[in-house]
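The values are calculated or read from the model by the stated rules, or taken from the named source; none is laboratory data. Here the structure is a predicted model, which means the values were calculated and not measured. When we count neighbours, we look across all protein chains shown, and the Cβ atoms used for this are built from the backbone with ideal geometry, even at glycine.
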Amino acid sequence: MNINKLINLIPVVTLALFIGSANAEPAGIVDLLDGSATRTDITGAKTSLRQNGNIEEGDTIETAADSELHIKMNDAGFFSVRPNTRIKIDQFQANGTDTDVSVVSILKGALRSITGFVGKVNPGAVKFHTATATIGIRGTDHEIIYIPEDEANADQPAGTHHIVYEGKTTFENDQGLLDVTAGQSAFSDHLGRIPRLNAVLPDFIKRRQLRHESRITEYNREVLKHIEHKLHERHLIRPEERFEHFLKHRQMRQNLKGMDNQLLARRNPVTAQTEKMNVREERRSGRKAEREKRRGD
């Protein structure tokens, strides 16, 4: 049987039906807004955010002082945008395919993030950037705090501060890379020096007054349930299936795709031989034309 036909027989047949309309889905929705926040879309239009409002790929999100914003992403990931923070959703796609991606820039302030199904399936597809560091995830609840030079002081040094609450991350700049595990924090300064682990959590982070930490902790405790609900809601798995079925279907598709590539590779020698024959024929024709031209001269 043709490999492409086999792929179509995979139980998660609804995935193929859904992908065509998936682009209509927002990147996320506002789950909680305590205070005020704005979104600036890719056209430059700036609007105030509201409860249940959409967040789109390309949006720049900004919270006011003493405000906090919670976003449920379309892969059931979770963002807590802290007060006086600006982030940009550089790339986001969560269609249950190999092209799923989540890339976010923290331009200033702090962002706490809980990994959704994009990162659970393919951790390498999820990246967070600041001006001084890049953070990769490994199934994680973590926070990134970026302090620009013009907002820094002796207590809050300029650069990227990073905390891992659960799981593991990679924390890197041009000078080096660190693995940061649960309970650890790290720092990369604005001068581009090698990133380092902190012996203790910086005091300014300990002193923060945060109002919604229990809500974030509760979401993380139930994150698998949230992921499965999102997969059902978006028809990426059948009603009776669970997250492990989603992983299984993805692996099956990848295996079949690999088989298809192997079949194509086996055909390549024939293609290559045909191309060689064509080149030889062109050369012969060219030489023949040259001889005829010389005879005419």
*What pairs come up if the first residue lies in the range 158-175 and is part of a strand (DSSP E or B), the second is modelled with pLDDT under 95 and among the basic types (K, R), and their beta carbons are under 8 Å apart, counting only those six or more places apart or on different chains?*
K168/R138; T169/R138; T170/R138
_Only one of T40, T85, T99, T60 that is β-branched (V, I, T), more than 18 Å from I144 (Cα to Cα) and either over 22 Å from the mean Cα position of the chain (by Cα) or surrounded by 15 or more Cβ atoms within 10 Å (Cβ to Cβ) (or both)_ = T40
*Using the structure shown, decide if T217 is under 23 Å from the mean Cα position of the chain (by Cα), assigned to a strand (DSSP E or B), of a type in the set (S, T, N, Q) and in the same structural domain as D155 (by TED's automatic domain parsing).*
no
*State yes or no: is T134 over 18 Å from E56 (Cα atoms) and either in contact with a Ser or Thr (Cβ under 9 Å, 6 or more places away or on another chain) or not assigned by TED's automatic domain parsing to the domain that holds R221 (or both)?*
yes
*For F204, state whether it is closer than 19 Å to K108 by Cβ, part of a helix (DSSP H, G or I), over 21 Å from the mean Cα position of the chain (by Cα) and aromatic (F, W, Y).*
yes
*Run D75 past the list (1) at pLDDT 95 or above; (2) farther than 27 Å from R253 by Cβ; (3) assigned to a loop (DSSP other than H, G, I, E, B) and report the number of the one that doesn't hold.*
(2)
*Given the conditions (1) farther than 20 Å from K108 by Cα; (2) touching a residue at least 24 places away in the same chain (Cβ under 8 Å); (3) of a type in the set (A, V, I, L, M); (4) part of a helix (DSSP H, G or I), which single one is not true for L236?*
(4)
